[in-house]
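The values are calculated or read from the model by the stated rules, or taken from the named source; none is laboratory data. All values reported here derive from a predicted model rather than from experimental measurement. All Cβ positions, glycine included, derive from the backbone under ideal geometry; neighbour counts span all protein chains shown. Calculation scope for accessible area: heavy atoms of the full protein, side chains included, ligands and nucleic acids excluded. Shrake-Rupley method; radii C 1.70, N 1.55, O 1.52, S 1.80 Å.
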Amino acid sequence: MKRKEIAAFTLAVCAWVAAPAWAADDAAMLKLAVSSGCMTCHHVDPGAKGPDGLPPIGPAWRDVAGRYRGKTGAIDQLTRTVMTGSNPYASHWKGRVSGLAMPPNEVAISEAEARALVGWILALRPT
Ligand code: HEC
């Protein structure tokens, strides 16, 4: 094989290996969510209960995707909410979650990471 062919072959193998990139992305994003403390209040899938059988503390992320996906500015807006917290007097999920508001997460996550996480959340398939 010539050098060029080897390069092309290597690229093809890499592309093939990277094909299930979605699963790898899922794992990386979940790891980030766990290490940033998000999963103490959130679940990915709806239906899970919070402590004492109450509704979950925060909304399931598939529900978040269903509500905001495709809306202009959703990534910016939600990234800001994740960083600075939500307004307890204007809850977006009142009656559906047991948490009144989300505290600011800027102590736990960088803005770039929060943005990546929100992008991933919005791309989840709503159930
Ligand atoms: C202490 C509990 C708690 C933690 C930790 C937490 N959240 Fe939340 N989150 C909430 C609650 C409660 C709401 C619902 C707020 C509302 O009703 O407006 C919420 C709402 C959200 C929303 C939707 C906001 C909206 O305006 O509809 C997103 C997106 C979100 N959280 C992502 C995250 C991410 C990412 C993390 C981790 C960096 C995180 N949350 C950590 C409790 C939490």
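Results, tabulated for the structure shown:
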read-out: Single unsatisfied condition, L32 versus (1) more than 10 Å from the ligand (Cβ to nearest atom); (2) modelled with pLDDT of 95 or more; (3) in a helix (DSSP H, G or I); value: (1)
read-out: Close pairs (6 angstrom Cβ cut-off, 6 or more residues apart or separate chains): among the aliphatic types (A, V, I, L, M) in region 49-65, more than 9 Å from the ligand (Cβ to nearest atom) anywhere; value: I57/G50; A60/H43; A60/D45; A60/P46; A65/L124; A65/P126
read-out: Qualifying residue in region 20-27 (condition: modelled with pLDDT of 95 or more and open to solvent by less than 50 Å² (accessible area, probe 1.4 Å)); value: no
read-out: Selection within region 37-72 - in a helix (DSSP H, G or I), more than 12 Å from I121 (Cα to Cα) and more than 10 Å from the ligand (Cβ to nearest atom); value: P51, D52, G53
read-out: Per-region count, region 100-127, residues closer than 19 Å to G47 by Cβ and either of a type in the set (F, W, Y) or at pLDDT 95 or above (or both); value: 2
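Here is a yes/no grid of residues against (1) among the polar types (S, T, N, Q); (2) buried (at least 19 other Cβ atoms within 10 Å of the Cβ):
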position: T40; (1), (2): yes, no
position: G53; (1), (2): no, no
position: P56; (1), (2): no, yes
position: R67; (1), (2): no, no
position: A90; (1), (2): no, no
position: P104; (1), (2): no, no
position: S110; (1), (2): yes, no
position: R115; (1), (2): no, no
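Here is a yes/no grid of residues against (1) within 9 Å of the ligand (Cβ to nearest atom); (2) without any contact (Cβ under 8 Å) to a residue 40 or more places away in the chain; (3) over 17 Å from K31 (Cβ atoms):
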{"site": "D76", "(1), (2), (3)": "no, yes, yes"}
{"site": "T84", "(1), (2), (3)": "no, yes, yes"}
{"site": "S91", "(1), (2), (3)": "yes, yes, yes"}
{"site": "S98", "(1), (2), (3)": "yes, no, yes"}
{"site": "M102", "(1), (2), (3)": "yes, no, yes"}
{"site": "I109", "(1), (2), (3)": "yes, no, no"}
{"site": "E113", "(1), (2), (3)": "yes, no, no"}
{"site": "A116", "(1), (2), (3)": "no, no, no"}
